[in-house]
Amino acid sequence: NPWLKSGLAKFETAGSLKEGAVIWGLAKIEGLEADVIPGDTVKRYVLLSNSHNGVQAVRGGFTEIRVVCQNTLGMAHAQSDSNRLLRVKHSGNIEQNMINLRDTMDLIHQEFRANVDQYRKLAHHAFYKDDVVRLVKKVVLDIEPDEKLSTRSQNILEHILDCVKNSPGADAAPNTAWGAYNGINYYLLQES
């Protein structure tokens, strides 16, 4: 609420799932956005989610994912595994935990700038279809580069290649590592 009142953040979305058992609020941090390439803007949001039945911890922190549904909320929550979103247990002093969370989030703010620098490097690194195939085989399919693909793996690869080529914004940075990164993430979002 202090962020909203001070104008540092503006509500973007809020919602509930499972008949109101899980709720979230997402606010865009004003002035914290950057162009990776002209017209391709990365924004930073602050997300707070909670469950009313105590099954899920309070989670809050910065994310670059615009939460609008269960899938995108799940992706933002998955970031907690890499410490981007922080969990606060329902037990103990939740007020003190939230103060600690706010202090820790200052460090995550610095991460945004570092990420943008990396994204810009990806946008200037040539990355073609053969590079995407090698990456998908190694990271997504977990097979050797020369290993023959099963029908299922071939279908996954074709779907990812289509996402890299045709997903929203794919024309902004074609044949770059940034375009591949976004296309693969688009595929993963569809599959989650």
Do we find that LYS137 is part of a helix (DSSP H, G or I) and in contact with a Ser or Thr (Cβ under 9 Å, 6 or more places away or on another chain) in this structure?
-> yes
Only residues that are within 18 Å of the chain's Cα centre (by Cα), crowded, with 17+ Cβ neighbours inside 10 Å and under 20 Å from CYS69 (Cβ atoms): list them for the stretch 30-57, please.
-> ARG44, TYR45, VAL46, LEU47, LEU48, SER49
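Results for (1) hydroxyl-bearing (Ser, Thr, Tyr); (2) open to solvent by 50 Å² or more (accessible area, probe 1.4 Å); (3) free of Cβ contacts under 8 Å to residues at least 12 places away in the same chain, shown as yes or no for each residue.
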{"position": "PHE112", "(1), (2), (3)": "no, no, no"}
{"position": "VAL116", "(1), (2), (3)": "no, no, no"}
{"position": "HIS125", "(1), (2), (3)": "no, yes, no"}
{"position": "LYS138", "(1), (2), (3)": "no, yes, yes"}
{"position": "CYS163", "(1), (2), (3)": "no, no, no"}
Of the residues in the stretch 5-29, those that are more than 19 Å from the chain's Cα centre (by Cα) and of a type in the set (Ser, Thr, Tyr) come to SER6, SER16
Pairing a residue in the stretch 179-192 that is without any contact (Cβ under 8 Å) to a residue 40 or more places away in the chain and over 20 Å from ALA123 (Cα atoms) with any residue that is open to solvent by 60 Å² or more (accessible area, probe 1.4 Å) and in a helix (DSSP H, G or I), where Cβ atoms lie under 9 Å and the two sit 6 or more apart in sequence or on different chains, gives GLN190/ASN71; GLN190/HIS159; GLU191/HIS159
Among strands (runs of 3 or more DSSP E) lying entirely in the stretch 37-110, which contain 2 or more residues that are at pLDDT 75 or above?
-> 40-51, 58-63
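Between ASP146, ASP130, which is open to solvent by 30 Å² or more (accessible area, probe 1.4 Å), more than 18 Å from THR41 (Cα to Cα) and part of a loop (DSSP other than H, G, I, E, B)?
ASP146
The values are calculated or read from the model by the stated rules, or taken from the named source; none is laboratory data. Because the structure is a prediction, the values reported are computed rather than measured. Heads up, the Cβs are rebuilt from the backbone with ideal geometry, glycines too, and the neighbour counts pull from every protein chain shown. These area figures cover heavy atoms from the full protein model, side chains too; ligands, DNA and RNA do not enter into them. Shrake-Rupley method; radii C 1.70, N 1.55, O 1.52, S 1.80 Å.
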